[in-house]
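The values are calculated or read from the model by the stated rules, or taken from the named source; none is laboratory data. Everything numeric here is computed off the predicted structure, so don't read it as measured data. Positions of Cβ are backbone-derived with ideal geometry, glycine not excepted, and every protein chain shown enters the neighbour counts.
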Amino acid sequence: MFGPEQGHFALALACVLALVQFAVPLWGANRRDARLVGLAPYLAVSQLIALGYSFLCLVMCAVSDDFSVQNVAANSAVSKPLLYKITGVWGNHEGSVLLWTLILAVCGGAVSLFGRNLPDILRGRVLAILGGVSAGFQMFCLLTSDPFDRVFPAPMDGQGMNPLLQDPGLAFHPPILYTGYVGFAVPFAFAVAALIEGRVDAAWGRWVRPWAVAAWCFLTCGIALGSWWSYYVLGWGGYWFWDPVENASLIPWLTGTALVHSAIVVEKREGLKIWTVLLAIATFSFSLSGTFLVRSGILNSVHAFANDPARGVFILALLAIVIGGSLALFAWRAPSLTSTGLFSPISREGSLVLNNILLCSICAVVVTGTMYPPFMQLLAGRTISVGKPFFDAATIPLTLPLLLAMGVGTALPWKRAQLARTFSHLYAAAGIAAIGLVLCFWKLSGVLPIACGALAIWVIAASASDVLRRIGIGHTSAQGVWERMKHLPRSSWGAALAHIGAGITVLGLCGMSQAQHAIVEVHIGETRSLAGDDWTLLDVHDYIGPNYKAMQADIAIRHNGKLVTILHPEKRDFTTQSQTTTEVAIHTNFITDLYGVIGDRHGTGKDTTYVLRLHRNPLAPWMWLGGLVMAIGGAFSLSDRRMRIGAPKRAAARNMARA
Amino acid sequence: MTRKTRRLWIVIACLACVGSAAALTLRAFSSNIVFFMAPSQVKANPPSSDRTIRLGGMVMAGSLHRINENGTPVNAFEVTDGQAAVEVHYTGILPDLFREGQSVVALGTVQKNGGFTASEVLAKHDETYMPKEVADELKRTGKWDPRFGKAPDASSWDTMTAKKAGG
């Protein structure tokens with residue numbers, strides 16, 4: 001019922017359905033044939049069902065230990081816990097491509113179900129574009145990376161999974177991150193559909209924004225989760241490596257953030273239309289190239305090509321068609337889109353334009369830093385690399401004006417603003433930021449951390465004071481405040497929350513820039529001090545786990561003689577894979593993380609010493625907490641009635657009926 | 001505010017931001033680019049001691065030993081590309097995948113005495129993966145031609161250098 005052959009067949013069926021979903025509605029829209037266009041949602045839903053079935057088959061193969069399937073044999077083992085048998089399905093190239101297309105199909109299904117109020121032609125074209133992208137990647141899956149490939153003879157047991165990946169954080173990281181990546185396919189499809197139609201208006205902005213915001217929320221969560229995973233699993237004490245895989249997720253996040261903001265201008269003021277369409281195309285293009293070029297390692301090593309030329313050529317051709325095709329269409333049709341809505345430089349629109357320019361500049365820097373080494377390798381044959389020092393030096397100065405503008409932007413009115421009047425609303429926030437600056441001078445060292453810290457406090461204070469002003473705290477009665485609170489649009493609450501979240505993240509980053517660490521070699525019972533805390537190695541003992549041997553240390557941390565906590569870092573030795581992993585021990589009070597790692601054991605008997613790495617990371621949890629708050633802010637604004645597709649239309653219809 | 005003046009403002013803002021982004025990028029590039037070097041290149045023309053480089057090669061079997069410098073453990077090992085070997089000093093916990101006779105990439109600076117002080121050591125990620133730089137270097141020095149099969153076994157690397165050193 002759920003065997004690999006059925007799964008393979010369902011995948012092929014989904015691919016054919018996706019092709020039909022691409023061709024028929026486009027043709028129908030061209031001939032203005034409502035029946036053909038109306039087929040799109042049914043095709044999208046049936047494609048989703050077929051692909052969902054296919055994915056379920058692959059999961060069942062992994063769960064039932066069917067090692068005749070190459071993919072399962074290479075990545076699973078009988079002894080693997082059930083959770084990781086399921087999540088291991090997307091822990092490898094073939095499975096992750098299948099998951100990718102499945103999420104794309106889910107997006108198509110969501111547009112079919114929630115987009116009932118869209119004009120039929122627009123919905124048909126959006127679904128057709130989604131179907132086209134889907135078909136391309138399903139073909140990639142079928143022709144070059146078939147997850148249902150069989151091996152003969154089937155091995156008795158699989159090769160197992162990298163123990164480093166056996167972690168609940170990593171298990172759910174890819175689906176969330178991929179939902180973020182793939183979610184931007186919907187704004188992309190809307191942009192292409194609008195280009196074909198030659199029309200972008202406020203309604204288009206209102207339809208696109210919820211999809212962009214939803215994808216942005218998932219991408220934010222995905223990035224935060226990935227960073228948290230590398231912090232507590234890899235045990236190197238840092239949180240962001242600036243390696244191509246991480247940058248691949250940051251680049252679409254930056255353009256996606258710009259998109260979420262510029263779509264507001266389209267919706268409210270019918271401005272920045274061409275730019276928003278371009279951003280929608282760019283964001284999805286970055287998502288695509290991020291997932292398939294960087295994650296698959298094609299860009300990083302020419303060997304990936306040498307090992308599997310079919311795969312590399314196929315993916316490059318696919319990217320060229322999707323990205324090149326949409327950009328060509330943009331070049332051809334964009335001039336027919338005209339903006340109305342005039343505004344002065346000092347206005348809400350002006351600040352959103354500034355936000356876009358700054359975000360895109362940062363994005364350009366990150367793209368340059370990521371692409372330069374492989375291009376140098378290819379063109380000049382020199383192997384170089386750029387790392388944290390480069391990205392810190394080049395991106396942080398550009399973030400400063402962005403943070404400054406974030407605080408002012410939400411307080412500015414549309415069209416034209418008077419600076420003096422706007423600033424009169426921001427006195428309190430500026431005061432708090434000034435106190436923050438003093439605090440930063442006292443607690444932080446270095447010019448950039450101090451400036452970033454003070455500006456982060458400014459963003460939080462300004463966002464909070466903006467909401468407080470709007471609900472009338474201070475100049476209306478309690479009753480009035482309550483009434484205003486109820487009527488303030490959820491999107492305003494969401495924006496304030498998201499900005500506060502960004503401020504919290506920046507504060508966390510500033511705190512982490514002050515992290516201290518020490519590498520020590522101690523005997524049992526010996527004490528070392530780090531930044532005012534005394535770390536004592538109490539004991540080290542060995543034990544045997546389910547599929548590993550472990551060495552566990554007990555480290556007591558005392559502050560001024562008072563016991564803070566006892567950490568139990570471990571070093572695990574996985575015998576079957578002959579691999580060791582470090583299990584970090586972290587004690588957090590949400591202000592400071594105490595982070596301990598145990599290294600090697602040296603010597604014997606009384607002379608036995610242990611290498612320990614001790615970290616004190618101020619404000620570390622705030623980085624991910626801020627990401628979560630940002631995503632919650634986005635979700636909050638999604639729940640705004642205006643954001644629900646077609647809701648204004650329904651409300652208008654209701655009002656008409658009432659009248 | 002006419003359309004023209006608004007466009008002018010936007011163009012000015014774009015130029016200012018993109019210009020400063022380009023300036024920052026170039027400045028950061030000039031001081032922060034890290035070049036990859038193989039031990040023989042380091043020996044041939046050593047970079048100045050304030051320049052961070054990535055040193056890659058194979059960890060010579062039997063070369064890993066520990067020095068205790070006032071309570072801080074320092075790992076010392078030799079990295080070779082079959083032509084020359086460089087002694088690397090690294091304070092800290094070696095990565096879980098670090099093995100003698102396998103490939104490694106170290107980030108750090110070359111000291112005046114010709115030794116290498118690493119601030120970071122990266123070992124390969126699994127049993128089949130070799131850092132690209134190391135593989136390229138193997139090919140460049142003519143120790144491995146991918147057309148004739150897999151990379152030579154790591155243990156033979158050491159003997160290649162050892163023989164050279166001995167002879």
In segment B:1-27, anything in a helix (DSSP H, G or I) and polar (S, T, N, Q) is listed as B:Thr5, B:Ser20, B:Thr25
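Determine whether A:Gly325 is outside any helix (DSSP H, G or I) and loosely packed, with under 15 Cβ neighbours inside 10 Å. Talk me through it step by step, then tell me what you get.
Numbers: outside any helix (DSSP H, G or I): no; loosely packed, with under 15 Cβ neighbours inside 10 Å: yes.
Judged against the criteria, A:Gly325 is not a match.
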Taking segment B:91-137 and keeping residues in contact with a Pro (Cβ under 7 Å, 6 or more places away or on another chain), part of a loop (DSSP other than H, G, I, E, B) and either surrounded by fewer than 18 Cβ atoms within 10 Å (Cβ to Cβ) or at pLDDT 85 or above (or both) leaves B:Gly114
Being within 13 Å of chain B (Cβ to nearest Cβ), surrounded by 17 or more Cβ atoms within 10 Å (Cβ to Cβ) and without any contact (Cβ under 8 Å) to a residue 12 or more places away in the chain narrows it down to one residue among A:Thr527, A:Thr580; which is it?
A:Thr580
Which numbered condition in (1) at the interface with chain A (Cβ under 8 Å from one of its Cβ atoms); (2) more than 26 Å from A:Phe390 (Cβ to Cβ); (3) surrounded by 19 or more Cβ atoms within 10 Å (Cβ to Cβ); (4) charged (D, E, K, R) is the only one that B:Arg54 fails?
(2)
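Just to be sure I understand, how many residues within segment B:66-82 are away from chain A (no Cβ under 14 Å) and of a type in the set (S, T, N, Q)?
Residues flagged as away from chain A (no Cβ under 14 Å) and of a type in the set (S, T, N, Q) within segment B:66-82 amount to 1.
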For the condition in the same structural domain as A:Val16 (by TED's automatic domain parsing), of a type in the set (Val, Ile, Thr), surrounded by 23 or more Cβ atoms within 10 Å (Cβ to Cβ) and more than 18 Å from A:Pro155 (Cβ to Cβ), what is the one hit in A:Val106, A:Val37?
A:Val37
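Check every one of the helices (runs of 4 or more DSSP H) wholly within segment A:409-489 and list those with 1 or more residues that are within 22 Å of A:Pro397 (Cα to Cα) and more than 31 Å from the chain's Cα centre (by Cα).
A:427-443
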Looking only at segment A:498-550, which residues are acidic (Asp, Glu) and closer than 25 Å to A:Asp573 by Cβ?
A:Glu521, A:Glu526, A:Asp539, A:Asp542
Lone unmet requirement of (1) polar (S, T, N, Q); (2) free of Cβ contacts under 8 Å to residues at least 24 places away in the same chain; (3) outside the structural domain of A:Gly38 (by TED's automatic domain parsing) for A:Asn92:
(3)
Among the candidates B:Ser30, B:Ser63, single out the residue that is in a helix (DSSP H, G or I) and either more than 8 Å from every other protein chain (Cβ to nearest Cβ) or buried (at least 17 other Cβ atoms within 10 Å of the Cβ) (or both).
B:Ser30
Filter segment B:66-90 down to residues that are outside any strand (DSSP E or B) and of a type outside the set (A, V, I, L, M, F, W, C) and give me whichever is nearest to A:Val522 (Cα to Cα).
B:Gly71
Of all residues in segment A:373-393, which are within 8 Å of another protein chain (Cβ to nearest Cβ) and in contact with a strand residue (DSSP E or B) (Cβ under 8 Å, 6 or more places away or on another chain)?
A:Arg382, A:Thr383, A:Ile384, A:Ser385, A:Val386, A:Gly387
When segment A:425-470 is checked residue by residue, the ones that are in contact with a His (Cβ under 6 Å, 6 or more places away or on another chain) and among the small types (Gly, Ala, Ser) are A:Ser463
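Given the criteria touching a helix residue (DSSP H, G or I) at 6+ places or on another chain (Cβ under 9 Å) and closer than 19 Å to A:His425 by Cα, does A:Leu448 qualify?
Working: touching a helix residue (DSSP H, G or I) at 6+ places or on another chain (Cβ under 9 Å): yes; closer than 19 Å to A:His425 by Cα: no.
Considered against the rule, which asks whether it is touching a helix residue (DSSP H, G or I) at 6+ places or on another chain (Cβ under 9 Å) and closer than 19 Å to A:His425 by Cα, A:Leu448 comes out as no.
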Segment A:102-116: number of residues that are in contact (Cβ under 8 Å) with a residue 60 or more places away in the chain and closer than 17 Å to A:Pro4 by Cβ
0
List every residue pair whose Cβ atoms sit under 7 Å apart, with the two residues 6 or more apart in sequence or on different chains, where the first one lies in segment B:84-101 and is within 10 Å of another protein chain (Cβ to nearest Cβ) and the second, anywhere, is surrounded by fewer than 20 Cβ atoms within 10 Å (Cβ to Cβ) and outside any strand (DSSP E or B).
B:Leu97/B:Lys124; B:Leu97/B:His125
Select, from B:Leu15, B:Leu8, B:Leu24, the only residue that is at the interface with chain A (Cβ under 10 Å from one of its Cβ atoms), over 28 Å from A:Trp242 (Cα atoms) and free of Cβ contacts under 8 Å to residues at least 12 places away in the same chain.
B:Leu8
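Which residue, of A:Phe2, A:Phe67, is outside any helix (DSSP H, G or I), free of Cβ contacts under 8 Å to residues at least 60 places away in the same chain and touching a helix residue (DSSP H, G or I) at 6+ places or on another chain (Cβ under 7 Å)? Let's see the steps before the verdict.
On the way: A:Phe67 fails: free of Cβ contacts under 8 Å to residues at least 60 places away in the same chain.
The match here is A:Phe2.
I need the helices (runs of 4 or more DSSP H) fully contained in segment A:173-281, keeping only those with at least 1 residues that are surrounded by 24 or more Cβ atoms within 10 Å (Cβ to Cβ) and under 11 Å from the mean Cα position of the chain (by Cα). Working first, answer last.
Numbers: elements: A:185-197, A:202-232, A:244-269.
Result: A:202-232, A:244-269.
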Quick test of your reading of the structure: B:Arg3 fulfils all but one of (1) facing chain A (nearest Cβ under 7 Å); (2) closer than 21 Å to B:Glu120 by Cα. Name the failing condition by number.
(2)
